[in-house]
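Working notes, structure below.
The values are calculated or read from the model by the stated rules, or taken from the named source; none is laboratory data. Just so it is clear, the structure is predicted and the values come from calculations on it, not from any experiment. All Cβ positions, glycine included, derive from the backbone under ideal geometry; neighbour counts span all protein chains shown. For the accessible areas, the whole protein counts, side chains as well, though only heavy atoms, and no ligand, DNA or RNA atoms are used. Shrake-Rupley method; radii C 1.70, N 1.55, O 1.52, S 1.80 Å.
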Amino acid sequence: MSFDRDRGLLFVPPSTQDHIKGVLNATVVLVMYGDYECSQSADVYRLIKVIGRQLSVSLGENYLCFIFRHFPQIEIHSHAQRAAEVAAIQGQFWQMHEMLFSHEQELGNGYLVEYANNLGLDISQFLQDLSRGVHVNHINADIEGGLRSGVEAAPVLFINGICYLVGVARRRHRWTVEQIMAAIVTAND
């Protein structure tokens, strides 16, 4: 079993400013740069969820910290930027994150409002926040940090600060749970 490992390092260290599942001082900190309109990003996120459950059961809740950073590829995904903006509105990031990755091919404005409504968000406030670009600076910071870390296309994983590429620009096949687990084990050695 093999996986690609780039020698690149994560330029912006994980912090409380990130979207975090777990604790920052976990044994393994996995940072994913992703795009909500990218099917490969959605696939990798689904694998990470499975891995997170497995590691939590076998090694404890605080073994893995997962961080998601935005890397919308607007030149090929016309709805990716807007979806990223919607994700954090009204403090429902992980719920909206799940919704967006479950519907990566349905991210037009009407769908986004529907998802917000399904999550019980205040739609008037939602639309105001969206029109004011409340989260644009955070998304731009994620993109800038990704570019400085060598990210060219989503998805890309950093495990304990080391780049493990899975983006379409450098990878032609889909990753498996076993391959990502092997990368986690290797990064932890």
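Remarks
- Of all residues in segment 107-133, those being assigned to a loop (DSSP other than H, G, I, E, B) and either open to solvent by 70 Å² or more (accessible area, probe 1.4 Å) or in contact with a strand residue (DSSP E or B) (Cβ under 9 Å, 6 or more places away or on another chain) (or both) number 1.
- Some residue of segment 143-153 being in a helix (DSSP H, G or I), more than 20 Å from the chain's Cα centre (by Cα) and not hydrophobic (A, V, I, L, M, F, W, C): no
- Against the list (1) open to solvent by less than 50 Å² (accessible area, probe 1.4 Å); (2) within 27 Å of HIS135 (Cα to Cα), the condition LEU55 fails is (2).
- Within segment 167-181, residues that are of a type in the set (Ser, Thr, Tyr) reach no partner that is modelled with pLDDT under 85 and outside any loop (DSSP other than H, G, I, E, B) with beta carbons closer than 9 Å at six or more positions or on different chains.
- Residue identified as at pLDDT below 95 and in contact with a Pro (Cβ under 9 Å, 6 or more places away or on another chain) among GLY150, GLY133, GLY167: GLY167
- Just one residue in the set ALA84, ALA26 is closer than 24 Å to ASN160 by Cβ, small (Gly, Ala, Ser) and open to solvent by less than 40 Å² (accessible area, probe 1.4 Å); that residue is ALA26.
- Qualifying residue in segment 34-49 (condition: touching a residue at least 60 places away in the same chain (Cβ under 8 Å), assigned to a helix (DSSP H, G or I) and open to solvent by 40 Å² or more (accessible area, probe 1.4 Å)): yes
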